[in-house]
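**Q** Supplied in C-alpha cells, the structure appears directly below.
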Amino acid sequence: MNATAATLNQQESGTFRRLLLQWYQQHQRKLPWRGQSDPYHILVSEIMLQQTRVAVVEDRYKKFLAQFPTVERLARAREQTVLAAWSGLGYYRRVRNLHAAAKEVTKNGGFPRTAEALRELPGIGRYRANAVASIAFGEPVAVVDGNVKRVLQRFTGRALTEEQYWQAAAALLAQESPGDFNQAMMELGATVCVPGNPLCMVCPVIELCALRGPLEKASRQTRRKATLHYALIRKKGSIRLQQRAKEHSLMPGMWELPEIESVESNATPLLRLRHSITTTDYTVFVHAAEKASAGRWVPLRSVSRLPLTGLTSKILRSLRNA
C-alpha cells in the first residue's frame, strides 16, 4: 500500500503541496542552476551535487559550463580535458558518464524528453532521469534522494522501503508543477528538515508532520586508517608526475605524484596532511626526492591542464601556501 496515501486524505495532500510551493517561492536559495530549463545544465548540476557540498558545486558548476557551455561542446572535448575540468570534485566515474551521455545526446540530435528515455543514457539512473524530465520538460514524475527520504520519513512517521519512498513521493507530487515541487522537497530537506536538529518551528508543513525532532541515527561504518608517502621531484620549474593505469579500479587515467613504497624511519617530510576517501582516512607524507623511474616532467604552469587526483591537487595547494 502507498504509505502516504494511507496517511493523508486528498485535502491534506493538497494543503501540503500548496504550503510547500508557497514556502519554496519565498525561501529557496539563489543557486546558479535554479530557474534553468536547459536539460544539459540541469544534468550537470545534478551530477555535480551527488556527494558534493552545494558551496563547492556553485563555483565549479559555473567554471565547468564556462568551459563546456553546451552539450555539443562537451561531447567534442577530449576525455583528459574533461577530467581536468572535474579535478578535485572526486568520484570521476560521474564525469566519465556525463561525457559519454553528452556524446549520445549529440549523436541522437538532442535530449530525450521523458524520464524513461533519459534512463537509457550512460550513468543516468531513476533519480537523475526524473529530475531532468520534471524540471526541464515538466513531466509529472517524482524524485527521491536523501533529503526527500528524510522529509517523507518525518511526514509519514516511519521509515519506508525504497519503493515505498518513491510511491510516497509520487502520491504527493504537484502534477501541474512537478519541477518546482521536486526542487521544493529537496530544498526543504536540505535547509529545514535536516538530520540532527530539524528547524521544525519554521517548517511550512509542520502541522501535517507526523514525526518531529531528530531521527534515530543509523550505525556508522567503521573507518579505516592508512598511511601514504609521495615523492616531490622538482627540476627547473617542473615536477614529476605519473599517470594511473587505465585499468586502475580507482581514478583511472588521473595524474599524481610518484608514490613511495618505503621510507626511512628518520626521514623528515616536506609536508604532512590528512585526506579522506570513501571509508578510509589517510595520513599523507610528501618527501623531497631527486629521481623517479616512472612518469614525466610537467611544467608547474601547466599542471592545472592535467586531470589530477584530488589528493595531488591538495598537496600542490598546500606546498604553494607553505
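**Q** Could you go through segment 61-82 and let me know if any residue there is of a type in the set (A, V, I, L, M, F, W, C), touching a Phe, Trp or Tyr at 6+ places or on another chain (Cβ under 8 Å) and farther than 20 Å from Ala131 by Cβ.
**A** Yes, segment 61-82 contains at least one residue that is of a type in the set (A, V, I, L, M, F, W, C), touching a Phe, Trp or Tyr at 6+ places or on another chain (Cβ under 8 Å) and farther than 20 Å from Ala131 by Cβ.
**Q** Here is a list of conditions, (1) crowded, with 16+ Cβ neighbours inside 10 Å; (2) more than 20 Å from Arg244 (Cβ to Cβ), and Pro122 meets all of them except one; can you say which number that is?
**A** (1)
**Q** Sticking with this one: List the helices (runs of 4 or more DSSP H) that sit entirely inside segment 12-129 and contain at least 2 residues that are of a type outside the set (A, V, I, L, M). Show your work before the answer.
**A** Working: elements: 39-49, 54-67, 71-76, 79-86, 93-107, 115-118.
Ranges flagged: 39-49, 54-67, 71-76, 79-86, 93-107.
**Q** Which members of segment 226-271 meet the condition of being part of a loop (DSSP other than H, G, I, E, B), in contact (Cβ under 8 Å) with a residue 60 or more places away in the chain and over 28 Å from the mean Cα position of the chain (by Cα)?
**A** Passing the criteria: only Gly237.
**Q** Can Thr279 be described as surrounded by 14 or more Cβ atoms within 10 Å (Cβ to Cβ) and either touching a residue at least 12 places away in the same chain (Cβ under 8 Å) or aromatic (Phe, Trp, Tyr) (or both)? Give the derivation first.
**A** Values: surrounded by 14 or more Cβ atoms within 10 Å (Cβ to Cβ): no; either touching a residue at least 12 places away in the same chain (Cβ under 8 Å) or aromatic (Phe, Trp, Tyr) (or both): yes.
Against the criterion (surrounded by 14 or more Cβ atoms within 10 Å (Cβ to Cβ) and either touching a residue at least 12 places away in the same chain (Cβ under 8 Å) or aromatic (Phe, Trp, Tyr) (or both)), Thr279 does not qualify.
**Q** When you look at Ala85, is it under 26 Å from Ile315 (Cβ atoms) and in contact with a helix residue (DSSP H, G or I) (Cβ under 7 Å, 6 or more places away or on another chain), yes or no? Working first, answer last.
**A** On the way: under 26 Å from Ile315 (Cβ atoms): yes; in contact with a helix residue (DSSP H, G or I) (Cβ under 7 Å, 6 or more places away or on another chain): yes.
When the stated conditions are applied, Ala85 passes them.
**Q** One residue is enough: does segment 177-189 have a residue meeting the conditions outside the structural domain of Glu12 (by TED's automatic domain parsing) and among the acidic types (Asp, Glu)? Can you show your working first?
**A** Residues of segment 177-189 outside the structural domain of Glu12 (by TED's automatic domain parsing): none.
Within segment 177-189, none of the residues are outside the structural domain of Glu12 (by TED's automatic domain parsing) and among the acidic types (Asp, Glu).
**Q** Now for a different question. Output the number of the condition that Val286 fails; it satisfies all remaining conditions of (1) touching a Leu at 6+ places or on another chain (Cβ under 7 Å); (2) in contact (Cβ under 8 Å) with a residue 60 or more places away in the chain; (3) in a strand (DSSP E or B).
**A** Against the list (1) touching a Leu at 6+ places or on another chain (Cβ under 7 Å); (2) in contact (Cβ under 8 Å) with a residue 60 or more places away in the chain; (3) in a strand (DSSP E or B), Val286 comes up short only on (2).
**Q** Enumerate the pairs (first residue in segment 306-319 and outside the structural domain of Val95 (by TED's automatic domain parsing); second residue anywhere and in a helix (DSSP H, G or I) and β-branched (Val, Ile, Thr)) with beta-carbon separation below 7 Å, excluding pairs fewer than 6 apart on the same chain, so at least 6 apart or on different chains.
**A** Leu316/Val303
**Q** Within segment 245-261, count every residue that is loosely packed, with under 15 Cβ neighbours inside 10 Å, under 15 Å from Leu311 (Cα atoms) and of a type in the set (A, V, I, L, M). Show your work before the answer.
**A** Within segment 245-261, the first condition is being loosely packed, with under 15 Cβ neighbours inside 10 Å, and the residues that meet it are 245-250, 259, 261.
Next, only the ones that are under 15 Å from Leu311 (Cα atoms) stay: 250, 259.
Retained after the next criterion (residues that are of a type in the set (A, V, I, L, M)): 250.
Qualifying residue count for the region: 1.
The values are calculated or read from the model by the stated rules, or taken from the named source; none is laboratory data. Source: prediction; values computed, not measured. Note that we place each Cβ from the backbone using ideal geometry, even for glycine, and neighbour counts take in every protein chain shown.
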